[in-house]
Amino acid sequence: MIKRRLLLLSSSYVHGYGFLEHSQDHIREFFKNCKQIAFIPYAAKDMDEYAKIASAAFQKLFNLPVVSV
């Protein structure tokens, strides 16, 4: 059986940090054994653009592929 985990963040940007950088240590620990992330981009008007930003950040910060839902 596939183990699924859910991470909810209320803010992806914090003043002085890039996208998700303020919580990268917690995110890295949370996704330590993950092979892929499903991202739900409903926090922005342009969901496709937000998914691109998130995908690039997860790849850069955590070296994890993202599937946008």
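The values are calculated or read from the model by the stated rules, or taken from the named source; none is laboratory data. Bear in mind that the values here come from a model prediction, so they are computed numbers and not experimental data. A quick note on method: Cβ atoms are made from the backbone with ideal geometry, for glycine too, and the neighbour counts reach across all protein chains shown. For accessibility, only protein heavy atoms count, side chains too; no ligands or nucleic acids. Shrake-Rupley method; radii C 1.70, N 1.55, O 1.52, S 1.80 Å.
Ligands, DNA and RNA are left out, and with a 1.4 angstrom probe the accessible area of the chain is 81 Å² per residue.
Computed from backbone phi with θ = phi - 60° and the Karplus coefficients 6.51, -1.76 and 1.60, the 3J(HN,Hα) list for segment 47-63 is 5, 5, 5, 4, 5, 5, 4, 5, 4, 5, 5, 5, 5, 5, 7, 10, 6 Hz; x is used for glycine and proline.
Heavy-atom surface analysis with a 1.4 Å probe gives the chain a carbon and sulfur content of 54 percent of its accessible area. In this simple spin-label model, placing a label point 7 Å from the Cα along the Cα-to-Cβ direction at both Lys52 and Ser11 gives a separation of 2.6 nm.
The magnitude of the dipole of the chain, with charges of +1 and -1 set on the Cβ of Lys/Arg and Asp/Glu and taken from the Cα centre, is near 360 debye. Note on Lys60 and Phe30: the model spin-label points, each 7 Å out from Cα along the C-beta direction, lie 1.9 nm apart. Radius of gyration (Cα atoms) of segment 1-55, expressed as a multiple of 2.2 N^0.38 Å: 1.21. Across Ser55, Ser23, Ser11, mean-square fluctuation computed from a Gaussian network of the chain (C-alpha pairs under 10 Å connected) peaks at Ser11.
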